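Asks: Here it is, the structure, as structure tokens.
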Amino acid sequence: MTELQKMKRELYRETSLCYQCGKCSSGCPVVEEMDIFPHLIIHLVSLGMEDQVLNNETPWICASCYACAVKCPNDIDIPGIMNRIKEMARENGIKPKRNDIYKFHKTFTEDVLRRGKVHEFRIMMEYNMRLGKPFKNAMLGPKMLLKNKLHFRPPKEVKGFRKWIKKFNQKTEK
Amino acid sequence: MNIDEIAIYPGCSLETSSSHYLQSIRTVFSVLQIPFREIVDWNCCGATSVKSIDQHLNLLLSHKNLALAEKQGIRELVVPCASCYFRLTGAEYELNNNEKLLEQINSESDLPYRGEVRVRNILDFFVNVAGLELIKKNVKNPLNGLTVACYYGCLNTRVPLEKAFDTREYPMSMDNIVKALGAGVVNWSYKTDCCGASLFVTVGSIAEKLVGKVLKDASLRGVDCITVSCPMCQTNLDTKQGSVRKKYSIDHPLPVTFITQLMGLAFGCSPGDLGFGKNFVSLGTEFKARFFSSS
């Protein structure tokens, strides 16, 4: 069985428990920003129609707040499924529908891999550069710097982190 | 429990953007005479971002932290940040309940973990380990007359049920701490509503809407301040409050303090030792006159 088939089987096992009560969608704080309701994502996945959900904004808009998962009568890990959909989409070579949000998560993740801790200042700068919007949140930067809440200098590397992470690099660069 | 087996996992933001949280924790720990110990060589928990990119890596990062804690003889890992807590406690739960997975990750990561570390939320720690009695005993400057809205945010309580230390929909642990300090609390329905988390950076308009709802409700209830235990919540509610208030016509500024900052004030610590200089919205003048003049 390939990775993808395995992933699909696991997704089916979880989503097929759903009986479409819609509590996830009604309790979602960002549902009005989504292009397809969370309970419909679960429905489509349970029908084996993952292809239909790989190209939606919803998994990217999801704030991973878990309001839905807590309300789900069948204990379905809905944010977890959103994350798997995001991974599946990229494995299928589908460009993230919300590239602006994807770029932030990617910038953040790459920074973690650099030294084991994040350098908030660099993430903000790099994220803006990648978006091509150098002045996004520009009002915040100086305010934060003045209060010494953002540091120019990166944190020290966590002892042995780079050596440790090397083993897994192939996977994360995909 | 042996007090030497307790350590703090600070997380990235407590070292930079929310260093005032860590500072106030240190101060409060010293008043309560709890030794302040940090886990050594910890790494980032991955937050929501790593989970969005690579779920396996996310688990590896938390596993590494847990394995390190275990090796350092830590049995209780106290986590102040809600997001770090959520990742670490989730990993603890997943690894403890899936032997095969634990074995696989252990060998893959080359770090043996036996599942002997208990991850604890800082609110859980204050209420159930330190105890409200100890907190009450140390109050020198009761916060009488102050009305507080306790805001828990999402991830403090939405952990697997078996790991939950408080109810998920209407938690009370922070409220009970605030009451022990002599202040009043309000019943409100935004306790566990989302502040937008990283949408604050990516799609500011969504986060502002969510923050606006929380602030509006708190202000209509006439609270003096909102108190939180999550650095992300504090940043989102505090940093852009000026523009959010204008947009959602909220007349009064609402200070957003960390629970440990309030504890410190009640314990008679100086505001400087509690990092108040790093909060954007400062406490009201009346309140300041009462607590800040002596220092």
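Asks: Rank B:Ile250, B:Ala130, B:Val214 by how far each Cα sits towards the positive end of the charge dipole of chain B (+1 on Lys, Arg Cβ; -1 on Asp, Glu Cβ) and give me just the farthest.
Replies: The residue sitting most towards the positive pole is B:Ile250.
Asks: Same structure again: Give me the angle, in degrees from 0 to 90, between the Cα long axis of helix A:120-131 and the longest principal axis of the Cα atoms of chain A, rounded to the nearest 10.
Replies: Taking Cα atoms only, the helix is inclined about 70 degrees.
Asks: Calculate how steeply helix A:99-115 sits against the longest principal axis of the alpha-carbon atoms of chain A, using the helix alpha-carbon long axis, and give the answer as 0 to 90 degrees to the nearest 10.
Replies: Between helix and principal axis, roughly 60 degrees.
Asks: Which of the residue pairs A:Lys149/B:Lys136; A:Lys8/A:Lys95; A:Lys143/B:Lys137; A:Lys143/B:Lys288; A:Lys103/B:Lys240; A:Lys103/B:Lys209 have a Cα-Cα distance greater than 27 Å in the structure shown?
Replies: A:Lys149/B:Lys136; A:Lys143/B:Lys137
Asks: Same structure, new question: Quick check: the angle from helix B:99-109's long axis to the longest principal axis of chain B, C-alpha only, nearest 10 degrees?
Replies: Tilt of helix B:99-109: around 90 degrees.
Asks: Additional query: With a 10 Å cut-off between alpha carbons and a GNM built on chain B, which of B:Tyr21, B:Tyr190, B:Tyr152 moves the most?
Replies: With Cα springs under 10 Å in chain B, the top fluctuation among B:Tyr21, B:Tyr190, B:Tyr152 is at B:Tyr190.
Asks: Tell me, how many Å apart are the Cα centres for region A:45-87 and for region B:255-285?
Replies: A separation of 39 Å, based on Cα centres.
Asks: Right, something else. Which of A:Phe104, A:Phe37, A:Phe152 ends up with the largest GNM mean-square fluctuation for chain A, with Cα atoms connected below 10 Å?
Replies: Judging by the Gaussian network model, the answer is A:Phe152.
Asks: Mind telling me which of A:Ile94, A:Ile78, A:Ile41 comes out most flexible in a GNM of chain A, alpha-carbon contacts under 10 Å?
Replies: A:Ile94
Asks: Name the residue from B:Val40, B:Leu68, B:Asn236 whose Cα lies farthest towards the positive end of the charge dipole of chain B, charges +1 on Cβ of Lys and Arg and -1 on Cβ of Asp and Glu.
Replies: Value: B:Asn236.
Asks: Let me ask something else about it. Counting pairs of alpha carbon atoms under 8 Å apart in space and at least six apart in sequence, what relative contact order in percent does region A:53-109 give?
Replies: Dividing the mean separation by the residue count of region A:53-109 yields 43 percent.
Asks: Once you charge only the Cβ atoms, +1 for Lys and Arg and -1 for Asp and Glu, what is the size of the charge dipole of the protein assembly as shown about its Cα centre, to the nearest 20 debye?
Replies: Its charge dipole is roughly 1220 debye.
Asks: Lys/Arg Cβ at +1, Asp/Glu Cβ at -1, dipole of chain B taken about the Cα centre: which of B:Asn176, B:Ser107, B:Pro80 is farthest positive-ward?
Replies: Sorting the options by dipole projection puts first B:Asn176.
Asks: Summing -39500 (n - 2.57) over the DSSP H runs of n ≥ 4 in chain A and dividing by its residue number, what mean residue ellipticity at 222 nm do you reach, to the nearest 500 deg cm²/dmol?
Replies: -15500 deg cm²/dmol
Asks: Follow-up. Would you work out the charge dipole size for chain B about its Cα centre, treating the Cβ of every Lys and Arg as +1 and the Cβ of every Asp and Glu as -1, and quote it to the nearest 20 debye?
Replies: Roughly 1000 debye for chain B.
Asks: Which log10 I(q)/I(0) values does region A:3-91 give at q = 0.23 Å⁻¹ under the Debye formula, counting every alpha carbon as one identical point scatterer?
Replies: With one equal scatterer per Cα and no solvent, log10 I(q)/I(0) is -1.17.
Asks: Continuing with the same structure: If you average the sequence gap of Cα pairs under 8 Å that are 6 or more apart and divide by the length of region B:1-160, what percent do you get for the contact order?
Replies: Relative contact order of region B:1-160: 25 percent.
Asks: With respect to the cross-link table entries A:Lys97/A:Lys167; A:Lys86/A:Lys117; B:Lys163/B:Lys191; A:Lys106/B:Lys191, which display a Cα-Cα separation exceeding 22 Å?
Replies: Going by Cα-Cα distance, A:Lys97/A:Lys167; A:Lys86/A:Lys117; A:Lys106/B:Lys191 fall outside the 22 Å limit.
Asks: Provide, for q = 0.14 Å⁻¹, the log10 of I(q)/I(0) from a solvent-free Debye sum over equal Cα point scatterers in region B:64-180.
Replies: Summing over Cα pairs of region B:64-180 leads to -0.66.
Asks: Hey, got the dipole for region A:3-91? About the Cα centre, +1 on K and R Cβ, -1 on D and E Cβ, debye to the nearest 20?
Replies: Around 260 debye, computed over region A:3-91.
Asks: If I histogram all Cα-Cα distances within the protein assembly as shown using bins 20 Å wide from 0, what percent of pairs lands in each bin?
Replies: Answer for the protein assembly as shown: a P(r) of 24, 60, 16, 0 percent.
Bear in mind that the values in this text are calculations on the coordinates, not laboratory data. The structure presented is a predicted model; accordingly, all values stated were derived computationally and were not measured. Because the Cβ atoms are built from the backbone with ideal geometry, glycine has one as well, and the counts that use them run over all protein chains shown.
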